[in-house]
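To keep things clear, I will list the structure first and then write my remarks on it.
The values are calculated or read from the model by the stated rules, or taken from the named source; none is laboratory data. Source: prediction; values computed, not measured. As a convention, Cβ positions derive from the backbone with ideal geometry for all residues, glycine included, and neighbour counts pool all protein chains shown.
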Protein chains: 2
Amino acid sequence: MGMATPRNYRLTSQRQTLLGLIRQQEGHLDAIELYRRAQELQPRISLSTVYRAMHFFKQLGLIEEHRFEQDHLHYEAKPKVEHCHLICLRCGRISEFQSPQTDKLKKEVEHEKNFKVASIQIHLQGYCDQCQGKQFFEVDNRE
Amino acid sequence: MGMATPRNYRLTSQRQTLLGLIRQQEGHLDAIELYRRAQELQPRISLSTVYRAMHFFKQLGLIEEHRFEQDHLHYEAKPKVEHCHLICLRCGRISEFQSPQTDKLKKEVEHEKNFKVASIQIHLQGYCDQCQGKQFFEVDNRE
DNA sequence: ATATCTGCAAATAATTTGCAGCACA
DNA sequence: TGTGCTGCAAATTATTTGCAGATAT
């Protein structure tokens, strides 16, 4: 809200730690997991710092934020090649998929709508190979 | 959590009202707005009922849930034709875009990964026609 | 030297849930 | 006649924020 945009940014040890963690990770992490891992390297780091750093990295275009089926965010380093996430509505597993359609879609949007795309999120929800046939009303698949 | 999946569903007046509202709406609505509109038709309806109905409709595949840049969900009737949402990071406006790539992508996923797609969400964040050139670090565009 | 960042604790706000009564089938 | 649904109030939980002290540049 009242938070003015700073004119200079600092590369603090916390930010280095967090960016390192998120970059060395294949795929995505949530705030709590990042916090746990960061604590092993910097015991006094706080959860707010994790959230603030994620917000900061996002503004810089270094990471992407995803909200899957759950109620909290996941973060991942911005990949070289765009990919889709396939989210299984039964087992909750999330896998990735790359397709040339993604890039075509982006170009279409840029040309036809004159919309400058900064990041893309493509989520396909459904039933994975192993979970097919069991899909109806499996509302509560936890525990 | 412990909520067992019911064997029979009931078409209550609340559910009729809510499904009616969401279907007559072009585009998406959030829980509060749905609640306001529903109250005009059924003054004693509660916000929990709205949330519970959305969860129910989602399980039935009648609606889609979207989390845009904000911290709360939006709901919309499942459309006949898939579309993408373009979200402007500066003005916050959300527009829609249809493309044949969407359907191709879906078919690819179904064939190559044997993943049964139930719903798709494609969000492109970036800068719209009017907001281009003003994009850098416009962190706080509210008020 | 000073603007920016951090940790801590407290606040915020969306969504979920327990429960007791109501109502559809 | 009983399972499923609702309203209400209270709980939960992710995320944000205020502030005072620390730190990068």
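The numbered conditions (1) over 25 Å from B:HIS74 (Cα atoms); (2) in the same structural domain as A:THR12 (by TED's automatic domain parsing) are all true for A:GLN132 except (2).
Give A:ALA38, A:ALA53 a once-over and let me know the one that is over 30 Å from B:HIS55 (Cβ atoms), more than 13 Å from DNA strand D (Cβ to nearest atom) and in a helix (DSSP H, G or I).
Working: A:ALA53 fails: more than 13 Å from DNA strand D (Cβ to nearest atom).
Checking each option against the conditions leaves just A:ALA38.
The residues in the stretch B:56-67 that are under 13 Å from the mean Cα position of the chain (by Cα) and either outside any helix (DSSP H, G or I) or within 11 Å of DNA strand C (Cβ to nearest atom) (or both) can be counted, and the count is 8. List the residue pairs whose Cβ atoms are under 8 Å apart, where the first residue sits in the stretch B:50-76 and is closer than 16 Å to B:ARG37 by Cβ, the second is away from DNA strand C (no atom under 11 Å from the Cβ) and basic (Lys, Arg), and the two are 6 or more positions apart or on different chains. Short answer, once both residue conditions are applied: B:ILE63/B:LYS78.
Taking the stretch A:67-105 as the region of interest, how many residues are of a type in the set (A, V, I, L, M), out of contact with any Lys or Arg (no Cβ under 7 Å at 6 or more places or on another chain) and surrounded by 16 or more Cβ atoms within 10 Å (Cβ to Cβ)? The total comes to 4.
Can you tell me which residues in the stretch A:18-45 are over 19 Å from A:PRO79 (Cα atoms), more than 7 Å from DNA strand C (Cβ to nearest atom), in contact with a helix residue (DSSP H, G or I) (Cβ under 7 Å, 6 or more places away or on another chain) and not small (Gly, Ala, Ser)? A:TYR35, A:ARG37, A:LEU41 - these are the residues of the stretch A:18-45 that are over 19 Å from A:PRO79 (Cα atoms), more than 7 Å from DNA strand C (Cβ to nearest atom), in contact with a helix residue (DSSP H, G or I) (Cβ under 7 Å, 6 or more places away or on another chain) and not small (Gly, Ala, Ser). With respect to the conditions (1) in contact with a Phe, Trp or Tyr (Cβ under 6 Å, 6 or more places away or on another chain); (2) within 16 Å of DNA strand C (Cβ to nearest atom); (3) not assigned by TED's automatic domain parsing to the domain that holds A:GLN14, A:GLY126 lacks only one, and its number is (2). In a residue-by-residue description of the stretch A:13-20, the property of being surrounded by 13 or more Cβ atoms within 10 Å (Cβ to Cβ), within 14 Å of chain B (Cβ to nearest Cβ), charged (D, E, K, R) and near DNA strand D (Cβ under 10 Å from one of its atoms) applies to no position.
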